[in-house]
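Below: the structure, in structure tokens.
Where a number appears in this text, it was derived from the coordinates with a stated rule and is not lab data. Here the structure is a predicted model, which is why all the values come from computation and not from measurement. In this analysis, Cβ positions are derived from the backbone assuming ideal geometry, glycine residues included, and neighbour counts consider all displayed protein chains.
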Amino acid sequence: GAVVSQHPSRVICKSGTSVKIECRSLDFQATTMFWYRQFPKQSLMLMATSNEGSKATYEQGVEKDKFLINHASLTLSTLTVTSAHPEDSSFYICSAEGRQGDSSGAFFGQGTRLTVV
Amino acid sequence: LAKTTQPISMDSYEGQEVNITCSHNNIATNDYITWYQQFPSQGPRFIIQGYKTKVTNEVASLFIPADRKSSTLSLPRVSLSDTAVYYCLVGDYGGATNKLIFGTGTLLAVQP
């Protein structure tokens with residue numbers, strides 16, 4: 001099946017610093033990528049949808065100036081958490097939509113555990 | 001956007017067949033139904049996808065009635081390692097306005 005690589009898998013940063021998370025589709029081209037965050041024992045919450053070469057569409061309540069999304073190519077999207085604070089600590093997951101062989105749909109990265117101290 | 005409704009949790013024993021049903025009354029004509037499995041601190045993993053009738057792969061079967069307003073994921077002979085949260089999603093993959101919204105998911109607990 002299609003492979004989506006997310007990096008880093010775990011990061012600890014100091015309050016006030018910025019953190020960048022990368023999401024790559026390794027064996028297919030992703031026209032659309034999604035970014036989610038997930039709190040313990042809760043479902044995934046969609047933060048934003050990004051299409052290659054255009055601005056991301058953010059869900060209501062998600063600050064676009066705090067969560068910067070760049071989808072510069074068909075295989076790479078990045079999420080930058082700017083001026084991170086402890087309440088931004090969460091599990092962030094990306095998803096890439098595309099087709100690989102007989103499989104089509106959305107394929108997920110392994111997630112990034114962000115801890116802000 | 002099609003909203004999905006699933007049972008919050010289910011219990012089963014090793015070796016049993018487990019069926020998890022998802023309701024998606026507002027599914028659109030172009031929407032596909034996809035099921036994912038998620039373990040703690042991991043991203044969701046694709047299990048199976050279908051549009052109508054029945055789909056089977058090496059790990060599961062997916063049953064979709066003619067009206068497509070629901071779907072049932074069937075896991076044959078579950079084991080302890082199948083303990084996870086299972087999500088059903090509906091979406092028009094590749095569609096211009098597609099957004100993948102997660103519901104609550106179903107926490108399946110498999111006991112010895």
Phi angles of region B:102-109, converted by Karplus (6.51 cos²θ - 1.76 cosθ + 1.60, θ = phi - 60°) into ³J(HN,Hα) in whole Hz with x for Gly and Pro, give 8, x, 6, x, 10, 7, 9, 10
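Order these by the 10 Å Cβ neighbour count, fewest first: A:Leu74, B:Leu80, B:Leu75. Don't skip to the answer; put the middle values down first.
Details: A:Leu74 16, B:Leu80 11, B:Leu75 22.
Exposure proxy ranking, most exposed first: B:Leu80, A:Leu74, B:Leu75.
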Note, region A:26-36: 3J(HN,Hα) by Karplus (6.51, -1.76, 1.60, θ = phi - 60°), whole Hz, Gly/Pro = x, goes 7, 10, 7, 9, 9, 6, 10, 10, 10, 10, 10
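Based on other C-beta atoms within 10 Å, arrange A:Asp27, A:Asp65, A:Asp88 from fewest to most.
So the residues, fewest neighbours to most, are A:Asp65, A:Asp27, A:Asp88.
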If the chain between B:Thr29 and B:Met10 were fully extended at 0.36 nm per residue, the gain over the current Cα-Cα distance would be 3.9 nm
Farthest towards the positive end of the dipole of chain A, among A:Thr112, A:Gln29, A:Ile93 and with Cβ unit charges of +1 on Lys and Arg and -1 on Asp and Glu, lies the Cα of A:Thr112
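Counting partner chain Cβ atoms within 10 Å of every residue's Cβ in A:38-47, what's the average? Let's see the in-between values first.
Details: counts 5, 0, 2, 3, 3, 8, 12, 2, 4, 0.
Neighbouring Cβ atoms belonging to other protein chains average 4 per residue here.
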Residue-ordered couplings for region A:9-21, obtained by feeding phi - 60° into the Karplus form 6.51 cos²θ - 1.76 cosθ + 1.60 and rounding to whole Hz (Gly and Pro as x), are 7, 8, 8, 10, 9, 7, 4, x, 8, 10, 10, 10, 10
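Past 23 Å, Cα to Cα: identify those pairs from A:Lys55/B:Lys69; A:Lys55/B:Lys52; B:Lys69/B:Lys99; A:Lys20/A:Lys66; A:Lys41/A:Lys64, in the order given. Walk me through the numbers before you get to the answer.
On the way: A:Lys55/B:Lys69 34 Å; A:Lys55/B:Lys52 34 Å; B:Lys69/B:Lys99 18 Å; A:Lys20/A:Lys66 12 Å; A:Lys41/A:Lys64 25 Å.
Over 23 Å apart, Cα to Cα: A:Lys55/B:Lys69; A:Lys55/B:Lys52; A:Lys41/A:Lys64.
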The answer for A:Asp27, listing residues at least 5 apart or on another chain whose modeled amide H is closer than 5 Å to its amide H, is A:Val3
Mean per-residue count of partner chain Cβ within 10 Å for A:108-114 equals 3
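Taking the Cβ of B:Thr4 as the center, what net charge do the other residues with Cβ under 14 Å away carry, scoring Lys and Arg +1 and Asp and Glu -1? Present the calculation step by step, with values, prior to reporting the outcome.
Numbers: positive: B:Lys3, B:Arg68, B:Lys69, B:Lys99; negative: B:Asp31.
Overall, the nearby charge balance is +3.
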For B:Lys3, the aspartates and glutamates lying under 20 Å Cα to Cα, once residues fewer than eight places off in the same chain are dropped, come out as A:Glu59, A:Glu97, B:Asp31, B:Asp67, B:Asp92
Per residue of B:30-41, other chain Cβ atoms within 10 Å number on average 2
Everything considered on the Cα gyration tensor (a ≥ b ≥ c; rounded for a/c under 1.5, else prolate if a/b is larger than b/c, else oblate), region B:29-112 must be described as oblate
In region A:1-58, the trypsin sites (Lys or Arg not before Pro) that sit in a DSSP loop and have at most 11 other Cβ atoms within 10 Å of their own Cβ are A:Lys14, A:Lys41
